[in-house]
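What follows is a short report on a single structure.
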Amino acid sequence: MRTLLKLLTPLLGIVLLYACGRVDYTTWTCQDGDGQKLSMILKQAQMILPNTRYTHCGALGEMTYFATQCPTLTQDAEVRFIPSQGKLNIAGKEYQCSAL
């Protein structure tokens, strides 16, 4: 039993280190009213779209705000997202999103 424990202890340490270094992300698929689709990834404090990365600027209630450069007033950010409803607004264009 001790031999088994001696063998498994380093392996357990490696597994724990790997798990601690893991980065969580969520992939979303979004669609506007015209049927145009858009893929989005929320990773740490970033929203990643095919051609743009936005930084998390803050949240007020359910609404989360992102921008390429965060404005002084959070609510002036160019991207607004309500994760619980899947509602995404980028510069006035509305999308309905669902997590994959």
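The values are calculated or read from the model by the stated rules, or taken from the named source; none is laboratory data. Quantities reported herein were computed from a predicted structural model and do not represent experimental measurements. Every residue, glycine as well, gets a Cβ built from its backbone with ideal geometry; the counts of neighbours run over all protein chains shown. Surface accessibility is based on the protein's heavy atoms, side chains included, excluding ligands, DNA and RNA. Shrake-Rupley method; radii C 1.70, N 1.55, O 1.52, S 1.80 Å.
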Qualifying positions in region 25-39 - without any contact (Cβ under 8 Å) to a residue 12 or more places away in the chain and on the phi < 0 side of the Ramachandran plot: 34, 36, 37
Of all residues in region 40-68 being among the polar types (S, T, N, Q) and open to solvent by 40 Å² or more (accessible area, probe 1.4 Å), the one that is farthest from residue 91 (Cα to Cα): 44
Residue selected from region 84-100 under the condition within 15 Å of the chain's Cα centre (by Cα) and touching a residue at least 24 places away in the same chain (Cβ under 8 Å), by the criterion most open to solvent (accessible area, probe 1.4 Å): 100
All strands (runs of 3 or more DSSP E) inside region 50-95 with 3 or more residues being farther than 18 Å from residue 28 by Cβ: 53-60
Residue satisfying all of: in region 27-39; over 8 Å from the mean Cα position of the chain (by Cα) and in a strand (DSSP E or B); surrounded by the fewest Cβ atoms within 10 Å (Cβ to Cβ) among these: 37
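The rows are residues; the columns are (1) touching a Ser or Thr at 6+ places or on another chain (Cβ under 9 Å); (2) among the aliphatic types (A, V, I, L, M); (3) at positive phi.
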position: 41; (1), (2), (3): yes, yes, no
position: 44; (1), (2), (3): no, no, yes
position: 76; (1), (2), (3): no, no, no
position: 81; (1), (2), (3): yes, no, no
